[in-house]
Structures are given as C-alpha cells and as structure tokens.
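Here is the structure we will look at, set down as structure tokens.
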Amino acid sequence: MVEVAVVDAQERRGVLERRRTERERLGRRSVGRERYEDGSRGGDDEGKGVPRRHVSARAFDPPRSKADLDPSPFPAPAIRRRDVEVVKEPDELEMIEELARFGINAGDIKKAKEAGYHTAKSIVMIPKKALYSVRGLSEAKVDKMVEAASKLVKCGFITGTEALQKRKQIFKITSGSKAVDDLLGGGIETQSITECFGEYRSGKTQLSHTLAVTTQLEVSQGGGFGKVAVIDTEGAFRPENVIPIAQRYGLDPERVLDNIVTAKAYNTDHQMELVDHVGALCATQPFRLLIIDSLTALFRSDYSGRGELAERQQKLNQMMSKIKRLADQYNVAVFVTNQVMADPGGGSVFVQDAKKPIGGHILAHASSVRLSLRKGKGESRIIKVIQHPNMPEADATFDISNQGIADSND
Ligand SMILES: Nc1ncnc2c1ncn2[C@@H]1O[C@H](COP(=O)(O)OP(=O)(O)OP(=O)(O)O)[C@@H](O)[C@H]1O
Ligand SMILES: [Mg+2]
C-alpha cells in the first residue's frame, strides 16, 4: 500500500512538472486563480477589482467619485454590502486558444473564433450542429474540439454547495430607486435576463440609462464595477442623458461614457451579430451589463406578415438563447426592453384596455425577471414584478427625472 502511495505521489509530481513546463511553453500566466471581494477576476495592479486576466489593467477605468462635481438633489442609494467571497476560479473563462493544449490546431481555433466562439465554455455550451455550420470545420474537427473543451470546462454536475458558491458571484445592480430595488431583492442580477415592458413613455429607456451608470458603481454602492454595452434598435440611447445621471452619483461623466459602448442595430440579423460582438468584448473586458432597447422592435418590423409569426418566434428564441448563454458565461446582467400590444381577449370588466408584451411564451420563458411599467401621476411611474425567481408579485412607484430613476416624492 505504502509503495503504491509513493509511486502515486511520484507520478503526480511528474504530471505537475509536465503541466508546469507546458504552461511555460504556452506562456500561460497563472493568474485568475482568485476572485476579488467584488467578484471580479484576476489581479489587482492598480486598485480593487481591476481584472488582470485577458484584460489590460486599463480596460475598466473606474469613474471614481469627484466631490467637486455637481451636488445631487437625490440621496445616494442605500449602501448594501454583499457577502461576496473569494471564489476559486471555475475555469469558465478559459480562452479558446487553450484548446491548442489538446491538439486542436491554430487554424481551426481561428475559424471558431471568427464565428463568435471565444472561450472553451462557449464551445461546450453551443449545440454541436451550430458548430458544424462554421465554415471550414468538419464534423470530425468539431467533435474533437468539443471533446477538448469539455476537458477544460467543468460542465457536469456540481454539488449544492458549489451552486451556492456560484450564486455568490452574482452582482445586484441598483435601479436608482430603493423602492424598486426592494421589489427586485436588491437590483437587477447578473447571470440573468431582466425584461421590462410597458407602453410608450413609461420609462423603459430612462431606466436603461440609469442602469448604464449604476453598473459602474462599486459593488458596495450597489454597482457591478464594470462596463456596459448598449444595443440600440430605436435610436433611443442618448449619451447626453447619461451625464446628469453620472453627476447624481458623483461620477466623472466622461469616464462613465467611456465605459459604455453602444451600437445601433438595423435589422434582426444585425442585432444577432451585435450580440455576438458583445460576447467577444465580454471575453476580454470586464462587462457587467448588456442593454437591448428594444429587444423586439426589429422583430416586429422584419417579420410583420401573418405567415411569418413562427419564423419570428424561432429567431427570437435563438436570440434569447444567445443572450442567456452570454449572461451565464460572463456573469453579465442583461436588461431588455419590450413593447406592449393591445390584448382584446385579455381584458375584463375591470381592465378596459388590456395590453400584453410582445414575444409571447418565448420571451416569458427566457426572461428570469419580467417587469411591467405604466404611467402614474405626472412623472411618476408604477413598476410591477410579473415574474421573479425568488420575489413575490408586487408593485412600487418611482419618479423619472433628468437624473434617472429615483424614489417617488409622494
Ligand atoms: N432627461 C429627461 N428628463 C426628464 N424627463 C425625462 C428625461 N428623459 C425621459 N424623460 C421622461 O421620461 C418618460 C419616459 O421616457 P422613456 O423614453 O424612458 O420611455 P420609454 O418607455 O422608453 O418609451 P418608448 O416606448 O417610447 O421608447 C417620458 O415621459 C419623458 O418625458
Ligand atoms: Mg424607449
């Protein structure tokens, strides 16, 4: 028995030694083994949570507070210290280049990358049939690639304790209103899709603008200490509207805007491509929020014919799967807005002009959290939780102003 143990130990030392040499040969740095208190990965060259792994130290330029900026009439959000622990690296962000260690050739890795797969996990998560359609990748090559990726990424069963540990990596991003945050159990969550629907001028875009700023706050202030991507389908994103919101939080507006990337989508195919592009950005930079405002507008116009409904729903489903994978893989919050349409059959004698969100069951199933917005008195709005994995259905009132979403004065 003793002898066997010694041999095992020697063999293990040999394996470790070979791995070390291999790592050095590939120039792989042994960073990213730990997470910081704020949940971000990698080292801390300049300040708390500046990710070192795959990212230059300047990738996220935190919009530090500036006391000399305009004083805000709004009280700062209540500080919620989250119990974020140092979590062992889950090997989820192994870049696709790592597959070279398992004999996948550089040309094939490049082809997969060009098709939008940047990490080993993205290879494991996507159905094989999607990889078969990547130009230049034969079925045999795909099979080999998936097999290699599965060795790098833990994708089988995990214990409840490990699942809880993973949940602790989730950030809750403040909406700007304490009443709304309370409805949401703290704010909108990373690793999930929050859908917000409501009629015109109900505040969807202004809530998006607010989140684009609060995501950049430190975790202790209800932020995610990260960057924001905005896919804008209606030309509604207004950088000038972001400035007073940044000032409300005492942040440098210029830096806040530098940490937001935005692109206008022109059709549903383009919208899909832009989501892939965000995936590529998330693989290399600390993004914490993706906003799609509006998620459904282009689907409505691209597939307006009666006979096109099934095709539209299929495409919408693909879009939702894509953003769900992105949210999960990169610990990103996805906030999507949606319009409503008249629902002649949905009313009752009490509700005269019933409205329902676009997208039907596909959207209802894909979104973890569904919120409805409607107008109240003046600039006040009523938000209702329609669906939430761990919060009850309830509503709250908030105000809209040029400084974003805030608690109602009434
Ligand atoms: N910078 C601002 N200052 C004050 N009020 C604003 C500002 N921006 C928007 N609002 C108000 O917020 C309300 C909601 O606007 P918002 O654009 O968020 O609605 P929406 O739900 O996105 O509407 P739509 O469906 O038309 O896109 C409007 O009544 C508008 O007057
Ligand atoms: Mg809008």
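The values are calculated or read from the model by the stated rules, or taken from the named source; none is laboratory data. Just so you know, these numbers come straight off a predicted model, no measurement behind them. All Cβ positions, glycine included, derive from the backbone under ideal geometry; neighbour counts span all protein chains shown.
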Of the residues in the stretch 99-123, those that are crowded, with 21+ Cβ neighbours inside 10 Å and assigned to a helix (DSSP H, G or I) come to LEU99, ALA112, ALA120, LYS121, SER122, ILE123
Of SER408, SER372, the only residue that is within 12 Å of ligand 1 (Cβ to nearest atom) and either on the phi < 0 side of the Ramachandran plot or not assigned by TED's automatic domain parsing to the domain that holds GLN191 (or both) is SER372
Filtering strands (runs of 3 or more DSSP E) wholly in the stretch 296-403 for at least 1 residues that are within 30 Å of LYS166 (Cα to Cα) and under 19 Å from the mean Cα position of the chain (by Cα) gives 333-338, 369-375, 380-387
Note on LYS204: of the conditions (1) closer than 23 Å to GLY186 by Cα; (2) within 16 Å of the chain's Cα centre (by Cα); (3) within 16 Å of ligand 2 (Cβ to nearest atom), unmet is (2)
Considering residues that are assigned to a strand (DSSP E or B), of a type in the set (A, V, I, L, M) and within 16 Å of ligand 1 (Cβ to nearest atom), the number found within the stretch 211-259 is 2
Those residues of the stretch 207-221 which are within 16 Å of ligand 2 (Cβ to nearest atom) and small (Gly, Ala, Ser) amount to SER208, ALA212
Of (1) within 16 Å of ligand 2 (Cβ to nearest atom); (2) over 18 Å from MET341 (Cβ atoms), ARG300 fails just (2)
So, first residue free of Cβ contacts under 8 Å to residues at least 40 places away in the same chain in the stretch 175-202, second residue part of a loop (DSSP other than H, G, I, E, B), Cβ within less than 7 Å, six or more apart or across chains; the pairs are GLY187/THR174; GLY187/SER175; GLY187/GLY222
Every listed condition ((1) surrounded by fewer than 20 Cβ atoms within 10 Å (Cβ to Cβ); (2) within 18 Å of GLU195 (Cα to Cα)) holds for ASN338 save (1)
Within the stretch 232-249, residues of a type in the set (S, T, N, Q) and under 12 Å from THR210 (Cα atoms) come out as ASN241, GLN247
Counting only residues in the stretch 122-160 that are out of contact with any Leu (no Cβ under 6 Å at 6 or more places or on another chain) and among the β-branched types (Val, Ile, Thr), the one farthest from ILE109 (Cα to Cα) is identified as THR159
Given (1) closer than 22 Å to PHE237 by Cβ; (2) at pLDDT 85 or above; (3) small (Gly, Ala, Ser), GLY376 misses just (1)
The one condition ALA163 fails out of (1) outside the structural domain of ASP276 (by TED's automatic domain parsing); (2) surrounded by 17 or more Cβ atoms within 10 Å (Cβ to Cβ); (3) of a type in the set (Gly, Ala, Ser) is (2)
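This table checks each residue for (1) more than 16 Å from ligand 2 (Cβ to nearest atom); (2) in contact with a Cys (Cβ under 9 Å, 6 or more places away or on another chain); (3) modelled with pLDDT of 95 or more; (4) more than 25 Å from ASP302 (Cα to Cα).
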site: GLN318; (1), (2), (3), (4): yes, no, no, no
site: VAL336; (1), (2), (3), (4): no, yes, yes, no
site: GLN339; (1), (2), (3), (4): no, no, no, no
site: HIS361; (1), (2), (3), (4): yes, no, no, no
site: ARG381; (1), (2), (3), (4): no, no, yes, yes
